[in-house]
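The structure appears right after this line, and notes come after that.
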Amino acid sequence: MDVGFKTDKGITRFNNEDACYVMVDKGVFIVADGVGGSSSGEIASRTATRFISQYVEDNPIDPKWDQEEMRLYFAKCLNQTNEMILEMSHRFEENSGMATTVVVSYISGSNMYVFNLGDSRAYIVRNDEIAQVTEDHTYVNNLVQRGEITAEEALFHPDRNQITKALGAEEHVYPDMFIVSLEVGDVVVMCTDGLYVEVPHADIKRIVTESVSMSEACSKLVDLANLNGGSDNITVISLKIDEEDINE
């Protein structure tokens with residue numbers, strides 16, 4: 001598997017509240033986008049990636065588990081992460097109200113399980129097409145789903161940054177789960193909104209398809225997001241699936 005990742009504070013932000021973590025040997029990949037005053041968003045996202053990765057280390061995943069066992073494993077992991085963030089938020093006044101989006105992917109052979117809360121996304125690029133795997137947990141996406149606004153109008157809606165699910169936002173969390181059957185040559189892209197708000201889907205697809213490595217792709221994606229405005233922190237993980245991965 002060819003893996004690349006990069007995070008950048010962008011052009012207009014003073015600090016980086018995004019975080020990511022790559023566990024190639026475990027098949028686990030994590031992206032988080034923190035929210036909150038002062039530096040608390042940064043604390044929330046880093047707490048999430050650190051806790052999730054440690055949970056995976058301490059509680060090894062059995063690739064033979066069925067879909068329900070996978071769902072229960074990651075639901076427990078994310079709820080314990082949520083409890084940690086809430087506890088820190090209550091303990092320290094300066095962290096009050098902090099929260100973070102999260103998207104987690106677990107890849108085992110030809111199966112990819114994706115879990116998300118918030119508007120950080122996972123995409124799959126296959127056969128010159130790009131498709132969003134996750135569903136945004138946002139106010140504007142709810143409007144789109146109800147047919148009240150179009151997807152294009154959502155991009156410029158004044159409340160487009162209002163998320164409806166996040167780690168640290170409520171006592172219990174209920175992540176969505178998506179299952180993708182992978183093929184040789186697929187590219188998985190995981191990112192925060194700082195990427196996809198600035199870089200159109202067609203450009204994401206073109207860059208990951210034309211780049212000689214996933215590290216190069218991530219660098220080019222971040223550079224283009226900054227060139228197009230860099231209005232938010234930008235984080236991206238890219239994974240290219242090869243035949244060896246599928247046959248594991």
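Rounded, prolate or oblate: which fits the stretch 1-71, taking a ≥ b ≥ c as square roots of the Cα gyration tensor eigenvalues, rounded meaning a/c under 1.5, else prolate when a/b beats b/c? Write down the numbers at each step before the final one.
Details: a/c = 2.98, a/b = 1.90, b/c = 1.57.
Prolate is the answer for the stretch 1-71, as a/c is 1.5 or above and a/b outweighs b/c.
Amide hydrogen proximity for residue 10: with H placed 1.01 Å from N in the peptide plane, the residues at 5 or more positions away or on another chain lying under 5 Å are 234.
Rounded to the nearest 0.05, what FRET efficiency is calculated for residue 83 and residue 150 with R0 set to 45 Å and r the Cβ-Cβ distance? Calculated transfer efficiency: 0.75.
If you average 1/r over every pair of different alpha-carbon atoms in the chain and take one over that average, what Kirkwood value in Å do you get? That comes to 18.1 Å for the chain.
Given Cβ point charges of +1 (Lys, Arg) and -1 (Asp, Glu) and nothing else, what value in debye, to the nearest 20, does the dipole of the stretch 192-248 about its Cα centre take? Intermediate values should be presented prior to the final figure.
Details: 4 positive and 12 negative charges, 60 e Å.
Charge dipole, the stretch 192-248, about its Cα centre: 300 debye, nearest 20.
For the chain, adding -39500 (n - 2.57) for each run of n ≥ 4 DSSP H residues and dividing by the number of residues yields -10500 deg cm²/dmol at 222 nm. When the charge dipole of the chain is built from unit charges on Cβ atoms (+1 for Lys and Arg, -1 for Asp and Glu) and taken about the Cα centre, the candidate among 167, 238, 177 whose Cα reaches farthest toward its positive end is 167.
If you place +1 on the Cβ of every Lys and Arg and -1 on the Cβ of every Asp and Glu, how big does the dipole about the Cα centre of the stretch 10-107 come out, in debye to the nearest 20? Could you put the intermediate results ahead of the total?
On the way: 8 positive and 15 negative charges, 24 e Å.
Roughly 120 debye, rounded to the nearest 20.
Sort 219-225, 134-140 by packing, meaning the average of other beta carbons within 10 Å per residue, with the highest value first.
Peptide ranking by packing, descending: 219-225, 134-140.
Kirkwood analysis of the stretch 45-107, using all unique Cα-Cα pairs, places the hydrodynamic radius at 12.7 Å. Backbone phi angles across the stretch 172-178, fed through the Karplus curve with coefficients 6.51, -1.76 and 1.60 (θ = phi - 60°), yield HN-Hα couplings of 10, 10, 10, x, 6, 10, 10 Hz in residue order; Gly and Pro are listed as x.
Modelled this way, with points 7 Å down the Cα-to-C-beta line, the labels at residue 127 and residue 24 are 2.9 nm from one another.
Peptides 50-63, 186-199, 103-116 ranked from most to least packed, by the mean per-residue count of other Cβ atoms within 10 Å: 186-199, 103-116, 50-63.
Given 10 °C and 1.306 mPa s, how large is the Stokes-Einstein diffusion coefficient of the stretch 71-167 in µm²/s, with Rh as the Kirkwood radius over Cα pairs? It diffuses with D of about 103 µm²/s by this estimate.
With respect to the cross-link table entries 76/205; 9/76; 26/76; 26/205; 64/220; 9/205, which display a Cα-Cα separation exceeding 29 Å? Present the calculation step by step, with values, prior to reporting the outcome.
Numbers: 76/205 33 Å; 9/76 31 Å; 26/76 18 Å; 26/205 26 Å; 64/220 37 Å; 9/205 23 Å.
The pairs that break the limit, which is 29 Å between Cα atoms, are 76/205; 9/76; 64/220.
Here the label points at residue 157 and residue 68, each 7 Å from Cα along the C-beta direction, are separated by 3.5 nm in the simple model.
Quick note: the coordinates plus some simple rules give every number you see, no bench work behind them. Worth saying up front: this structure is predicted, and the values here are computed from it rather than measured. With ideal geometry, Cβ positions are generated from the backbone for all residues, glycine too; neighbour counts draw on all protein chains shown.
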